[in-house]
Amino acid sequence: MSTRHIIMIALVAVAVLCAAGIYYFYDPSLNGFFPRCPFLSITGWRCPGCGSQRAIHAILHGDLATAWHFNAMMVVSLPVLAVYTFAEFTRSRFPRYYCAVNKPAFIWGIFVAVIAWWLSRNIFGW
């Protein structure tokens, strides 16, 4: 692994840890410095990510039920994100695994799930 690659990984890790610290110590429901969803502000409809900031805060505090209430897709997507992150970091060591999780059928499945979540949360109020 090159030095540049290691530096990039370290910078991303620091950024993620800083963001996690902010979301752990500051509740997005109570602090106005967190950005509001522009899609919700403009249309009045919730996007697939609406509630994600509050869900992240709840997850960091170990409260999965509250996180599920704010954005169930966020809770469900965390294991998927872990699988894809692992596949990306081990792509040269496990190329068949990387290719398996990046098949078009899986990508389209995720796309359909996100669209279904988006529609259902606006139609049924989830």
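Read the figures in this text as sums done on the coordinates, not as results from a lab. No experiment lies behind these values; they were computed from the predicted model shown. Ideal geometry is used to build each Cβ from the backbone, glycine not excepted, and the neighbour counts take in all protein chains shown.
Each pair of Cα atoms in the chain enters the Kirkwood radius, and Stokes-Einstein at 25 °C and 0.890 mPa s then converts it into a translational diffusion coefficient of 147 µm²/s. If R0 is taken as 30 Å, the Cβ-Cβ distance between R96 and L17 corresponds to a FRET efficiency of 0.45.
What value, in deg cm²/dmol to 500, does the helix sum -39500 (n - 2.57) over DSSP H runs of n ≥ 4 give at 222 nm once divided by the residues of the chain?
Details: 7 runs with 90 residues, N = 126.
Mean residue ellipticity, 222 nm, calculated: -22500 deg cm²/dmol.
Taking amide H atoms as placed 1.01 Å from N in the peptide plane, the amide H of C47 lies under 5 Å from those of L40, each 5 or more residues away in sequence or on another chain.
Computed from label points 7 Å out along Cα-Cβ, the spacing between N122 and C37 is 1.0 nm. Modelled this way, with points 7 Å down the Cα-to-C-beta line, the labels at V80 and I110 are 0.7 nm from one another.
A dipole drawn for the chain from +1 and -1 charges on Cβ atoms has a positive end, and of A87, F25, A116 the residue lying farthest that way is A87.
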